[in-house]
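Accompanying notes for the structure given below.
What follows draws every value from the coordinates through simple rules; no lab data is involved. Treat the numbers as computed from the prediction; the structure is a model and nothing was measured. Every residue, glycine among them, receives a Cβ derived from its backbone with ideal geometry; neighbour counts consider all protein chains shown.
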Amino acid sequence: MAQIKIIPHDLRNKIAAGEVIERPASVVKELIENSIDAGSTDIKIEVLYGGKRLIKVSDNGTGMDSEDALLCFERYATSKLFSEEDLFNIRTMGFRGEALSSIASVSKVKLVTAPKDISQGVSIEIHGGEVKAVKDSPSFGTTVEVKDLFFNTPARKKFLKKNTTELLHIIDRVTEEALAHYSIGFTFISDNYETMNIPFASGIRERIMQIYGDEFLDGLIEVNAETENLTIQSFVSKGANFRNSKSHQFLFINRRPIRDPSIAHAVYRAYEGMLPHDRHPVFFLFLSIEPGKVDFNVHPTKREVRFEDKEYIYRFVHNAIRDIMRKDRIEYAVQFTEAPSADSIPHFLNISDSSSLPYGAALSEHLELAYKHYLPFIYLGDTFIAISGKGGLTLIDHHAVHERILYEKFLKGIDIDSSQLLFPKQVKLSHKEHRIILENSSMLRDFGIDLDDFGHDTVIVRSLPDVLKEADIRGILSDSASCFIEGISPDTSMREVLAAKIACHKSVRGKTILNQEEVSQLLADLGGCDNPDNCPHGRPTRIFFSLDELKKMFKRV
Ligand code: ADP
Ligand code: MG
């Protein structure tokens, strides 16, 4: 029985027209989404030359009979939408009946399909919208092969980027679809090499783990909430697990990958007070909204949506994440105020130490040029340290200071002793990161990070600079990958950018409390820097108030 009807003219006009197929990755997305709508549990994607030569998507879904197989290439031919009412109650990935017709008009397509439980199917070839061959063909599920994309539209073809760039876009789309549909198995083969094999997962947590690995997941906290017509399941950065780029930020609405700056803003705001201005949280947000409350038909590639009540959703997302982060912070604060070990007690002033001086004396009499070894200091919160000496009061941001010191060490290649790890460390990356990191491994080697491919999107780290031994190497590789992808601005070098990214990972993070000796060392190292006053991102490292300035502030002069 034919499932497909032609959408009537009046409704056609209500469906926004637009360019659906921009590049190979758009074909991949549309074909995967068709397979999803067909109830597939296994989807296999194969590409050659970044999808320019071939894109082939095979599934084990419902398939089509020969009548539907011919009709599906017509414009506005769909089995998913029949009335205006349906347009505002969309529960399928596709609904406009335009993907296959668009793809077929700009490439050479072969469709082989058979209805479920019937092995005799049909094979149809269409070149540039013209039917070339229709044959009986044994089949199971549906396979769509798209060859020579834009062969008849050279102007479009010209805009395609090099194969590796197009491939990265494809990987992004496959990753998004795999995240959004954890119960479907995905296999991805590029240039005859199986690059991704993600079996069925029992939930989102497992799917994130399959793609990014355990260690990545450890840095995230799960946030779930529910209200009328709206639920959120999400995995977001824990307290200090921030990144240098936005490359791990995903929003899905009813399992559809969506871009929405306002929801992203709601997440950033939830981290207010914890997130340095040039750092970014990781987030995977899965929102489910009653289909009548959101319009998916506003963007040609369905990347954007319109909400009935945007503010309501903004507040919902913001509150859900903020509440969890507040809890996280309270736990953190408790930990911070718990009795520290003897040598980590902040040296507010060590009266029993004969070399220490009472405050007044320290401030007014010791106008020494260098900080004394026994300098009194006090922690203000978990980031700032107030130090007396040099004839005044210095406030330092110890994260920023550490970043500056390491950055310069990395850049100059000094004091970066790298040694072989006794137990080489396996690090699971996403497929895209894995590819990029291996391509650029020589750059990392310059910083003392030596690694090799270990298969299955994993690298094996064999050597690390001593200063990075305790660092979050997964985070470093991930940030380095996004740095290689994003490229650099003309006035900086990749070495500088990379040094800044790596330095900021090792720098003393929130929960570390430095002891006397460490503070003295930190100040001595800072003093030896070329640019001691700013961290590599431009934030101040230290602010000094001279006694004269303090006197002025207190209106004593
Ligand atoms: P839409 O997905 O918006 O309906 P498409 O042009 O992508 O439009 O597909 C047209 C129709 O072809 C679909 O509605 C569906 O009935 C059928 N179809 C496409 N791909 C498949 C597939 N992989 N398995 C079964 N049916 C499919
Ligand atoms: Mg479709």
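Over all pairs of distinct alpha carbons, what does the Kirkwood formula give as the hydrodynamic radius of segment 67-129, in Å?
This gives a value of 12.9 Å.
I want the local charge near ILE124. Using Cβ-Cβ distances under 10 Å, sum +1 for each Lys or Arg and -1 for each Asp or Glu among the other residues.
In short, +2.
Could you compute how fast segment 402-557 diffuses translationally, taking Rh as the Kirkwood radius over C-alpha pairs and applying Stokes-Einstein at 4 °C with viscosity 1.567 mPa s? Give it in µm² per second.
For the chosen part, D equals 75 µm²/s.
If you put +1 on each Lys and Arg Cβ and -1 on each Asp and Glu Cβ, how big is the dipole of segment 136-240 around its Cα centre, in Debye rounded to 20?
620
Can you give me the Cα centroid spacing of segment 256-270 and segment 409-432 in angstrom?
About 33 Å separates the Cα centre of segment 256-270 from the one of segment 409-432.
About its Cα centre, what dipole magnitude does the chain give when the only charges are +1 on Lys and Arg Cβ and -1 on Asp and Glu Cβ, stated in debye to the nearest 20?
Around 1060 debye, computed over the chain.
When the Kirkwood radius is taken over all Cα pairs of the chain, what Stokes-Einstein diffusion coefficient follows at 10 °C and 1.306 mPa s, in µm²/s?
Answer, rounded: 59 µm²/s.
Once every DSSP H run of n ≥ 4 in the chain is given -39500 (n - 2.57) and the sum is divided by its residues, what mean residue ellipticity at 222 nm do you get, rounded to the nearest 500 deg cm²/dmol?
So the helix-based figure for the chain works out to -10500 deg cm²/dmol.
Could you work out the equivalent-ellipsoid semi-axes for segment 243-319, taking the square root of 5 times each eigenvalue of the Cα gyration tensor, largest first, in whole Å?
23, 14, 9
In Å and on Cα atoms, what radius of gyration and Dmax does segment 157-217 show?
13.3, 42
Out of residues 5 or more away from CYS535 or on other chains, whose amide H comes under 5 Å of its own, with H placed 1.01 Å from N in the peptide plane?
Those qualifying (amide H under 5 Å, at least 5 residues apart or on another chain) are THR541.
Collect residues whose amide H, placed 1.01 Å from N in the peptide plane, falls under 5 Å from the amide H of LEU451; neighbours closer than 5 in sequence don't count.
ARG462
Determine, at each q value in 0.09, 0.12 (inverse angstroms), the log₁₀ of I(q)/I(0) that the Debye formula gives when each Cα of segment 1-152 is one equal point scatterer.
Result of the Debye calculation: -0.26, -0.46.
Given labels modelled 7 Å from the Cα in the Cβ direction, how far is it in nm from ILE6 to CYS529?
7.0
Of HIS434, VAL294, ILE32, which is farthest along the charge dipole of the chain in the positive direction, counting Lys and Arg as +1 and Asp and Glu as -1 at C-beta?
VAL294
Place +1 on the Cβ of every Lys and Arg and -1 on the Cβ of every Asp and Glu in the chain, take the dipole about the Cα centre, and give the residue among ASN197, MET209, SER546 whose Cα lies farthest towards its positive end.
Checked the options; the winner is SER546.
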